[in-house]
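*Asks:* First, the structure itself, so that you have it in front of you.
Here, each number is a calculation from the coordinates, and none is a lab measurement. Because the structure is predicted, anything quoted here is derived from the model rather than measured. Quick reminder, even Gly has a Cβ in these numbers, built from the backbone with ideal geometry, and neighbours come from all protein chains shown.
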Amino acid sequence: MWYDAERLEAHGLTVLDVNRAIEREHQEMPAGRIEGAEREMNVRAQGEAIDIATFRNLVVAYSSGAPVRLRDLAVVEDGLEDGGA
């Protein structure tokens, strides 16, 4: 992902604002509990973008009531995709 400084400035946002939004949307969340006769375990689900399109659409902030999405502030690419050569 490459941040676009001009776009960030135009929306009054910083890289830290974007990073916080990503962290907020991709936290470990409680998913339930497994109980056995001798032990009990909490199950946590690691939050992740389902796909690159979902990640690009992550809402970072709102401006005049409209969502400012990650794709509006940065170039987002899948680093795992085969670039082909």
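*Asks:* What distance in nm separates the two pseudo spin-label positions at Tyr62 and Glu9, each 7 Å out from Cα along the beta-carbon direction?
*Replies:* Taking the simple label geometry, Tyr62 and Glu9 are separated by 2.8 nm.
*Asks:* Continuing with this model, one more query. 7 Å from Cα along Cα→Cβ at both Asp78 and Asp17: what's the point-to-point distance in nm?
*Replies:* Once both label points are built, they end up 3.0 nm from each other.
*Asks:* Sort 1-13, 62-74 for me by packing, meaning the mean count of neighbouring Cβ atoms within 10 Å per residue, highest on top.
*Replies:* On the way: 1-13: 13.2, 62-74: 14.9.
Final packing ranking: 62-74, 1-13.
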